[in-house]
Amino acid sequence: MTLLELEDVTASYGPVQVLDGVTLSVPENGAVGILGANGAGKTTTLRAISGTVRAGGRIVFDGKDIRGMRPDQVAAQGIAHVPEGRGTLGDLTVRENLMVGAYLRKDRKGIDEDVDYCLDLFPNLRERITSNASALSGGEQQMLAVSRGIMSKPRLMLLDEASLGLAPSTAKNVYDAIRRLRVESGIAMLVVEQNANLAFTLVDTATVLETGRNALTGSSAELKGMDEIRRAYLGG
Amino acid sequence: MGEFVQLVVDGLSTGSVYAAIALAIVLVHSATGLVNFAQGGMAVLAAYVAWVLTNQSVPLVVAVLASIVFSFVLGAVVERYLMRRFERGDPDTAVVVTIGLLTLITGIAGWLWSYNNQQFPSLFPLDTVSFLGVSISIRSIGTTLSIVAVMIVLQLLFVRTKLGLALRAVAINPQSAAFSGLPVERLLMVGWGLAAVLGAVAGALVAPQLTLTPGMLDNALVYALAAVILGGLTSPVGVVIAAWMIGVLENLAAVYVPFIGHDLKIAVPFILLFVVLVVRPQGLFGRKTVVRV
């Protein structure tokens, strides 16, 4: 069953048209990648979904038209946006960041269990639980950003460049944990990633954007086999 | 010795009023990045509301509580219908808007209630108590303790409650906070409302002493801004300590430094401010903004 459906989505920053008709769908429990060069519209696609940029076209989540909703309303539908640059709240402690993630929830017990789950998924965070988020390393901040997303108990997670600025081994750790999260939680994922090799370890299908449009869509295996994808995104 | 102690206690009391307005300014600044120059004006408006009610023979405490509720609504409405149009734009424009608002509120208060001094009843008895052979006015002690109590409540709200956590999250990064479902716009209204409440408390405490006029808190606003800069925009505790320092210093200097006297005492905090800004631009207790790449 389709959880998220984008049809002919457009968006612009002022006079600059960034999305020129993006179409994609994320099935329930599925993981879909968005690949493409800088400026192709990957991040903007996520921002259009979460309501941070105004968009045209159709954006339907779980049968409900969510286009035009405010970001907090979109979040309340069950979509967690883990933004590029992580968006951790620097002056708050790790635990406080997690509690902000759980803002819309009332189930005390479930919240405690999910905090434990996050700390189990990212053991680095356990010893930093009372540190300010600004004192964390880049990798730990990324782990915290994903954890904050988990705490909202979403049905869909929008992951934007989770590997950005991380050492290769750290990036791999983060993706290993996200893969585990996907298997254990069944959260559907829409993943923007520059590093296509990493993305293909997580997603089932992907679409390649070029200047705000879908250039190619296919399964991970198909795309990995294509020469132009290899040249452009997989380093030869 | 008696005079010295009395001066210090009175200084703490006036300093507490500066502290309340300074805290209101810090609260709004941390939530929206703006310095609200109208904070004092809004507080005066609250004091007038309480005064009008007492004239209708509403008991003073009830009148003050009503003015606090009025202020919360006023702050929220000002954020929602006026400041929101400017919050995302140029911060300089928004600050000028708050200065305009101050002028507007002062004008409205003058038009409605004239510029004459009005007697405002005191929340505390005007007697003095004797402590270790020194007589201290109950009003000064009461004012100081009231502000300390307000500070503690505010601190608990911010550190212990979900609302406080949400307000802090929105202040740090509104967009990222929205991704967790925080209703950013409503929380900003609450932040402005709480700031206005602080102002109302300050107004009710100081009005009996200064007598009520539309410009009653103009000086206090200037001192509060000095306290904000001195204490550091990022440090509520620092701001309160700075406000107390200013209150005490201006009192002591007026009496003990002959050439300053009562006419020049307004300059004291600014000399202090000048020195601090040269030596420690982030304020005594503030943190430098460090950008991590």
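Structural remarks
- Estimated from the Cβ-Cβ distance and a Förster radius of 51 angstrom, the FRET efficiency linking B:ASN219 and A:TYR13 is about 0.65.
- Only alpha carbons enter this Debye calculation for segment B:155-233, each as an equal point scatterer, and the log10 of I(q)/I(0) it gives at q = 0.15 Å⁻¹ is -0.71.
- Just the protein heavy atoms count here, and of the accessible area of chain A at 1.4 Å, carbon and sulfur take up 47 percent.
- Of all DSSP-defined beta bridges confined to the protein assembly as shown, some 60% are antiparallel rather than parallel.
- Protection proxy ranking of B:17-26, A:92-101, by the mean of other Cβ atoms within 10 Å over each peptide's residues and highest first, is B:17-26, A:92-101.
- Taking 20 Å as the straight-line reach from the Cα of A:LYS109, the lysines in range (excluding those fewer than 8 positions away in the same chain) are A:LYS153, B:LYS162.
- Pairwise label distance in nanometres, A:ALA221 with A:TYR117, each label 7 Å out on the Cα-Cβ vector: 3.0
- Relative intensity, log₁₀ I(q)/I(0), of chain A from a Debye sum that treats every alpha carbon as a point, q = 0.10, 0.14, 0.15 Å⁻¹: -0.44, -0.87, -1.00
- Compactness of segment B:27-137 - radius of gyration and Dmax, Cα, Å: 17.8, 58
- Highest average first, the peptides A:166-178, B:151-163 ordered by how many other beta carbon atoms sit within 10 Å of their residues are A:166-178, B:151-163.
- Accessible area per residue, Å², chain A with all protein chains present, probe 1.4 Å: 42
- Cross-link partners of A:LYS106 among aspartates and glutamates (Cα-Cα below 20 Å; sequence separation of 8 or more within a chain): A:ASP72, A:GLU96, A:ASP114, A:ASP116
- Order of exposure, largest accessible area first, which applies to A:HIS81, B:HIS262, B:HIS29 with probe 1.4 Å: B:HIS262, B:HIS29, A:HIS81
- DSSP H segments from chain B that extend 27 Å or more along their own axis, Cα-based, with Kyte-Doolittle mean of 1.0 or above: B:2-32, B:91-113, B:138-160, B:184-210, B:236-256
- Straight-distance crosslink candidates among aspartates and glutamates, where the alpha carbon sits under 12 Å from B:LYS265 and sequence neighbours closer than 8 are dropped: B:GLU250
- Across peptide A:100-106, the mean count of Cβ atoms from other chains lying within 10 Å of each residue's own Cβ comes to 5.
- Here segment B:2-219 is treated as a Stokes sphere of Kirkwood radius computed over C-alpha pairs; at 4 °C and 1.567 mPa s its diffusion coefficient rounds to 72 µm²/s.
- Inter-chain neighbour count for A:66-78: the average number of beta-carbon atoms from partner chains within 10 Å of each residue's beta-carbon is 3.
- Sorting the segments B:238-245, B:48-55 by their residues' average number of neighbouring beta-carbon atoms within 10 angstrom, most packed first, yields B:238-245, B:48-55.
- Summed over both chains, the accessible area lost when A and B associate is about 2000 Å², using a 1.4 Å probe.
- Size descriptors for the protein assembly as shown, from the alpha-carbon set: Rg then Dmax equal 27.9, 93 Å.
- DSSP-loop GluC sites (Glu not before Pro) across segment A:103-207, with at most 13 other Cβ within 10 angstrom: A:GLU127
- Only protein atoms count toward the accessible area here, which uses a 1.4 Å probe; on segment B:2-219, the carbon and sulfur part of that area reaches 67 percent.
- Shielding of peptide A:87-99 by partners, expressed as the average count of other chain Cβ atoms within 10 Å per residue Cβ, is 4.
- Fully extending the segment from B:LEU112 to B:VAL62, taken as 0.36 nm per residue of separation minus the present Cα-Cα distance, adds 15.8 nm.
The values are calculated or read from the model by the stated rules, or taken from the named source; none is laboratory data. Given the structure is predicted, the values throughout are model-derived calculations rather than measurements. So basically every Cβ, Gly included, is an ideal-geometry build from the backbone, and we count neighbours across all protein chains shown. To get the accessible areas, we keep the full protein, side chains included, count just its heavy atoms, and leave off ligands, DNA and RNA. Shrake-Rupley method; radii C 1.70, N 1.55, O 1.52, S 1.80 Å.
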